[in-house]
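What follows is calculated from the coordinates using simple rules that are stated; it is not laboratory data. Small disclaimer: the values here were computed from a predicted structure and weren't measured. For neighbour counting, all protein chains shown are included, and Cβ atoms are generated from backbone atoms with ideal geometry for every residue, glycine included.
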């Protein structure tokens, strides 16, 4: 079950709240980018970044020089998946079908080498499944230059909007079309690095990720 | 030209910075969701929401009950477009091709009726072009229930990563495939509201938005 703290409890549109922890995991596993919110000198800063998950821990990484990863104190990590544009009969009820997760907590800087490596693997495999076992792994210098933060998924909320517009009953008689324009992220066929020095085919684990309708025969 | 304040100046990867204001506009016009960062009780909160732009002003809206729109003080609005997954020869150089904008400022609550309406129109038309002139417009009650914030685009930064992986020269000799897996948001054919009481076709301005390869003949 997901927590219901003061921050994660939905005050409005309560029917959009999800409480099953697996919905949080599924959403995080499907998303690619999170938005990390930190407070710097009293003002908010929102930075897009990759992430990875191991069980109930979210991992973030970045350069040891990155300001957003150097701040102490609480963060908010938000992952949003857009599923469609809700076209209502009334301007007021236009909306977006989406799934979003907000995670609150104070991250821990990962220092143990085993966890640091496991986190980098999780982050890389989340972004690019299958790559960790086929590429050159981080050397000591690269590892030292990479800060890893661990954020517990303990305090989190998931909000979901699905389905047709929520027009007022009296508006249903209006002769105005209404519906949803679905949106989706697709992966197009890969573009090989022009600097490739070997004649290598696109690896199977990369080719398999291309959205089926976009695959060339 | 975009500003270069302490917050908008890129400290690292300076080559990713863009300074042309039209790049900010293009990015904002292409994006659909922004992530609004506010500070609530000293801690960050990052909320996904729609937006609209009129010239050099970004408009946000929401319920008058929404906590994220009721806070005073500075905000950070970030819009991120993911263009591809960068698959390098080394784990360290895995990355994302993306365009992202960060806007800093203290929003102004819009109270003048003309600007309030123009903002709602801009936000609706940004999400759903062509809808404002064909749907029922907000009545007095709906207008009163909708808070609109105006944020100047004065202090903003744009960061762009494009192209193949940035592997170290010595890694180019490795027999490892490298390249980019492009990502893209597509619009699928619209789903008509099953509650539609009239036999109406999908409006042309909606049908025209479907990604060409997804159009049914």
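Looking at chain B as a GNM with Cα springs under 10 Å, which of B:30, B:71, B:114 has the largest mean-square fluctuation?
The residue with the greatest mean-square fluctuation here is B:114.
Taking chain B as the reference, fit the longest principal axis to its C-alpha atoms, fit the long axis of helix B:113-127 to the helix C-alpha atoms, and give the angle between the two in degrees, 0 to 90, nearest 10.
50 degrees
Order of A:102-112, B:42-52 by packing, highest average Cβ count within 10 Å first?
B:42-52, A:102-112
Can you give the helix-only mean residue ellipticity at 222 nm for chain B, where every DSSP H stretch with n ≥ 4 adds -39500 (n - 2.57) and the sum goes over all residues, rounded to the nearest 500 deg cm²/dmol?
So the calculated ellipticity at 222 nm is -4500 deg cm²/dmol.
Rank-order B:61-69, A:123-131 by packing density, defined as the average count of other C-beta atoms within 10 Å over each peptide's residues, highest first.
Going by the mean number of other Cβ atoms within 10 Å, highest first, we get A:123-131, B:61-69.
On C-alpha positions alone, give me the angle between the axis of helix A:21-30 and the longest principal axis of chain A, in degrees, nearest 10.
That works out to roughly 70 degrees.
Based on the alpha-carbon gyration tensor of chain B and its eigenvalue square roots a ≥ b ≥ c, which shape applies: rounded if a/c is under 1.5, prolate if not and a/b is larger than b/c, or oblate?
It comes out oblate by the Cα gyration axes.
Can you give the FRET efficiency for residue A:200 and residue B:141, using 1/(1 + (r/R0)^6), R0 = 45 Å, r = Cβ-Cβ distance, to the nearest 0.05?
0.10
Give me a single rounded figure for A:52-58: the average over its residues of other chain Cβ atoms within 10 Å of their Cβ.
0
Could you please state, rounded to a whole Å, how far the C-alpha centre of the range A:197-212 is from the C-alpha centre of the range B:1-52?
33 Å
So, how do all the Cα-to-Cα distances of the protein assembly as shown break down into 20 Å bins, in percent, from 0 on up?
24, 58, 17, 0
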